[in-house]
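Presented below is the structure to which this report refers.
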Amino acid sequence: MERSVCFRPMQSKEKLLEECVSYLRARPVFDRVLRQVREKAESLGHIGGKTIISIRSGAERDQLEGFFQKNLHGKKQLTVSVELLERALADSRFAALSWDEILCAYFGGPFIGKKEQREREESDRNDFFAQYADPSGDIGARFLAEILSGECEGRSLLYAQYRADQELLGQRLRVLIHACDNLPADRGLAQALPVFAAEISGDPHYFDEGTTTDRLLRLFIQKHYGIKRQPSYSDTEWKARILYRAGILKDDLSNTVLIYGIQAFLQDGTRHSGMDGFYRMREPLQCTLQTLYRLERVCGGKDVYVVENPAVFAVLSNRYPETAFVCTNGQLRLSALILLDLLSRESRLHYAGDFDPEGLGIAQRLKDRYGSRLELWEYKPEYYLRARSAENLPEETISPERMKKLDKLKDAELVKIADLIRQYGKAVYQETMLEWAYRNESELQEG
């Protein structure tokens, strides 16, 4: 940069600033110098500290030597401090300028310190959420205010969505507030999830599992109804259970449980006429979540027998027509758990399932859930051994991955069966035991 060695006419600061910026831009190395100086200034909140500039060519060395008046021969880098910057500027014809002014003109605006930037961002974020969250507003707006204050879970999710797309988040929050204010259960209704979503947003998939709106809605429902996590539910079942409490039914027609000999009563105390017809006719019934949601009480007598397999259910309900039976159909769907929860209030449950890792796992989960209200039925090692010796035993060998599921079992009866499965590597299914098991007539009254 030219030295101030002779008299020059006074220039306006604007003109001088233009010349300074032109001078720096004509020498490419200063783009890196100024960018690193600005980054350091943004970190500190003021111009200061030191930054190291690598020297990549002879041309860059000449440009740096000319401005800073330092001999850089043989040097691969230059340490630029605020003192070096100020001294070089004071000795140049641009001495009337400050580095703040130069950086502002060069980059088209003043640098913003990180602290100030954080404060601005926080202020902007607060202004954004103030459009939707209101501690004294409707229930949905109050819920958002509680999230943002840290009173309940979800603030990190909202902040992440805010950083990703503010406009989209705004749309989602408007829909969420509307949903919170119009839960089916609060209106005395039960609705399928797609129907509720379409009613609230116009999109039947708006609250599909895994979406941001699904997560926020479930957080609200848990807070609104004071729902506490129950460990006996899998993650999928628990998510469906939360929605169920709000009258939102997930897979309401496909989520069914097979029943026989069970009476059902509505919330007003009257019998469910449809279910009562099947009960009186002694016929099995596929019971949906939609039906279960309307029930206040179900009754299966003193003892209810729960089986895993539909074929076993059919044989037993025909063999013992005076006894109540439930079939889970190999899975613990929400419908089965809701029904068993209701039955366990008045009846003792008896559960029988397959002797394989998955079947024993279901039995363990039910035992964990219902404790002394559920008895494991016909889990006898001699039944496994007898079935294993039968000619029609499947040749399927249980894989090591499936075998690992046996390690989670705790109940002593189940552990004995698990040890036999490990020993012989074979599963035994309910159908193969049907002719000699499940025939305790002191428990089951044969019709």
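The values are calculated or read from the model by the stated rules, or taken from the named source; none is laboratory data. Keep in mind that what you see is a predicted model, and the values were worked out from it rather than measured. With ideal geometry, Cβ positions are generated from the backbone for all residues, glycine too; neighbour counts draw on all protein chains shown.
Some points to look at:
- SER372 being among the polar types (S, T, N, Q) and either farther than 25 Å from ASN318 by Cα or modelled with pLDDT of 95 or more (or both): yes
- Qualifying residues in segment 166-217 (those that are of a type in the set (S, T, N, Q) and in contact (Cβ under 8 Å) with a residue 40 or more places away in the chain) - the one farthest from LEU243 (Cα to Cα): THR212
- Enumeration of residues in segment 190-203 that are out of contact with any Phe, Trp or Tyr (no Cβ under 7 Å at 6 or more places or on another chain), outside any helix (DSSP H, G or I) and crowded, with 18+ Cβ neighbours inside 10 Å: GLN191, ALA192
- Pick from segment 63-88, criterion among the charged types (D, E, K, R) and more than 18 Å from LEU34 (Cβ to Cβ), ranking: nearest to the chain's Cα centre (by Cα): LYS76
- Residue match in segment 365-382 (condition: touching a helix residue (DSSP H, G or I) at 6+ places or on another chain (Cβ under 7 Å) and of a type in the set (Gly, Ala, Ser)): no
- Checklist (1) within 29 Å of TRP238 (Cβ to Cβ); (2) surrounded by fewer than 16 Cβ atoms within 10 Å (Cβ to Cβ) applied to ARG348, failing item: (2)
- The listed residues are TYR244, TYR206, TYR159, and the only one of them that is under 30 Å from ALA363 (Cβ atoms), surrounded by 13 or more Cβ atoms within 10 Å (Cβ to Cβ) and of a type in the set (Ser, Thr, Tyr) turns out to be TYR244.
- Single match in ASP134, ASP124, ASP214, ASP186 (criterion: charged (D, E, K, R), part of a loop (DSSP other than H, G, I, E, B) and out of contact with any strand residue (DSSP E or B) (no Cβ under 9 Å at 6 or more places or on another chain)): ASP134
- If only residues of segment 164-179 that are under 11 Å from GLN131 (Cβ atoms) and not charged (D, E, K, R) are counted, the one that is surrounded by the fewest Cβ atoms within 10 Å (Cβ to Cβ) is GLN166.
- Among the residues of segment 89-117, those identified as among the small types (Gly, Ala, Ser) and closer than 19 Å to GLU39 by Cβ are SER98, ALA105, GLY108, GLY109, GLY113.
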